1. So what's the angle, to the nearest 10 degrees on a 0 to 90 scale, between helix 121-132 and the longest Cα principal axis of the chain?
2. Name the residues whose placed amide hydrogens come within less than 5 Å of the amide hydrogen of residue 91, ignoring near sequence neighbours (fewer than 5 apart) on the same chain.
3. Can you list the residues, at least 5 places off or on another chain, whose amide H is less than 5 Å from the amide H of residue 17, using H built in the peptide plane?
4. What angle do you read, to the nearest 10 degrees and between 0 and 90, between the alpha-carbon axis of helix 2-14 and the longest principal axis of the chain?
5. Can you tell which of 67, 100, 212 shows the greatest fluctuation in a Gaussian network model of the chain with Cα springs below 10 Å?
6. Residues in segment 72-111 near a label at residue 156, defined as backbone nitrogen under 14 Å from the 7 Å Cα→Cβ point?
7. Dipole size in debye (nearest 20) for the chain around its Cα centre, Lys and Arg Cβ +1, Asp and Glu Cβ -1?
8. Cα axis of helix 157-166 to longest principal axis of the chain: angle in degrees, 0 to 90, nearest 10?
Amino acid sequence: MSEMLQTTAERQTESLRVVLVDDHDLFRTGLRNLLEEQGLLVVGEAASGAEAVRIVSELTPDVVVMDLNMPEMGGIEATRHITATAPLTRVLMLTISDQDSDVMDAILAGACGYLLKDASIQDLILGIRAAARGESLISPTIAARLLQRVRATTAQPHIAEVIRAELSEREIEVLKLIANGKDNALIAAELHISPKTVKNHISNILMKLQIDNRIQAAVYAVRSGIV
């Protein structure tokens, strides 16, 4: 049974089309080799944010693995362009910067995840898979600091009013669990519902609140003061 599950996971990974964006040729080459060894299809590379935007418009990959600091156009601006023009393409930041402001800017620009370059290849593969599903993976220490920083800012009660007006009670429960760092499986277990139902609730939450991904939803929930 475990072999069957592994084979399914491998097939899911093989079907993912990835673009790599980093201004260091050697890093891109090494990363391409690692990802292709894991069965992913690297369909393109870019050395700048501007080049990334052009390539994504041509290739419409599933996931872009994006560096932060690059010449011409940085990763955050490129992410903003990509999420606006290619909404089915997910962006995963992979960078050396663990600065809170960089993380916040990347997430608000629409990135689905944020990993540091010292992450393991296993974590990177998990991050790419999560991004492709519209979920998120952020280095745990970064995620904790991000939400602490949001909590330290002034609460915005009007956001709570929007949440209560737009979402059902069950959707608010799901949103609170997202803000507490729970993944779909843990949310399903806690609420005694199926993972598919959780996914449907999250899709409804994002649509109703007009936000791009679950990390933005977490930030939104924390800012509202409901968690």
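Bear in mind that the values in this text are calculations on the coordinates, not laboratory data. Because the structure is a prediction, the values reported are computed rather than measured. Every residue, glycine as well, gets a Cβ built from its backbone with ideal geometry; the counts of neighbours run over all protein chains shown.
1. Its long axis makes an angle of about 60 degrees.
2. Residues meeting the criterion, in which the H sits 1.01 Å from N, are 64, 112.
3. Under 5 Å from the amide H of residue 17 lie the amide H atoms of 62, 63, each far enough along the sequence or on another chain.
4. 70
5. Residue with maximal mean-square fluctuation among 67, 100, 212: 100.
6. Label zone hits: 105, 108-109.
7. It comes to approximately 840 debye.
8. That works out to roughly 90 degrees.
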